[in-house]
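Data block below; observations after.
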Amino acid sequence: MWRGKRYKLPAPEDYPLDAIEAEEQGRTLTALRLILGDTQYDTFRAEAKTTGDAEDFSKAIMRELGRGNR
């Protein structure tokens, strides 16, 4: 959940390799778009207007992934 909207993420082992390569190249938003898919990314972008918003979203994702890895 982020700002009242639920996002569905694939398991990390199911992330597209293109997303991993984009992240390695410092193209964080491209990686995020590839992981979320276009529809969810558009929902995210309708809310996210600043780099701070993107960082907040990333923290929310990491919290959820952390729970799944326990």
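The values are calculated or read from the model by the stated rules, or taken from the named source; none is laboratory data. Everything quoted here is computed from the prediction, not taken from an experiment. A quick note on method: Cβ atoms are made from the backbone with ideal geometry, for glycine too, and the neighbour counts reach across all protein chains shown. Remember, those area values only see protein heavy atoms, side chains included, never the ligands or the DNA or RNA. Shrake-Rupley method; radii C 1.70, N 1.55, O 1.52, S 1.80 Å.
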Residue satisfying all of: in segment 50-66; farther than 21 Å from D14 by Cα and acidic (D, E); surrounded by the fewest Cβ atoms within 10 Å (Cβ to Cβ) among these: E55
Filter result (aliphatic (A, V, I, L, M) and either open to solvent by 40 Å² or more (accessible area, probe 1.4 Å) or in contact (Cβ under 8 Å) with a residue 60 or more places away in the chain (or both)) within segment 1-49: M1, L9, L17, I20, L29, L34, A46
I need the helices (runs of 4 or more DSSP H) fully contained in the chain, keeping only those with at least 2 residues that are at pLDDT below 95. 17-24, 28-36, 51-68
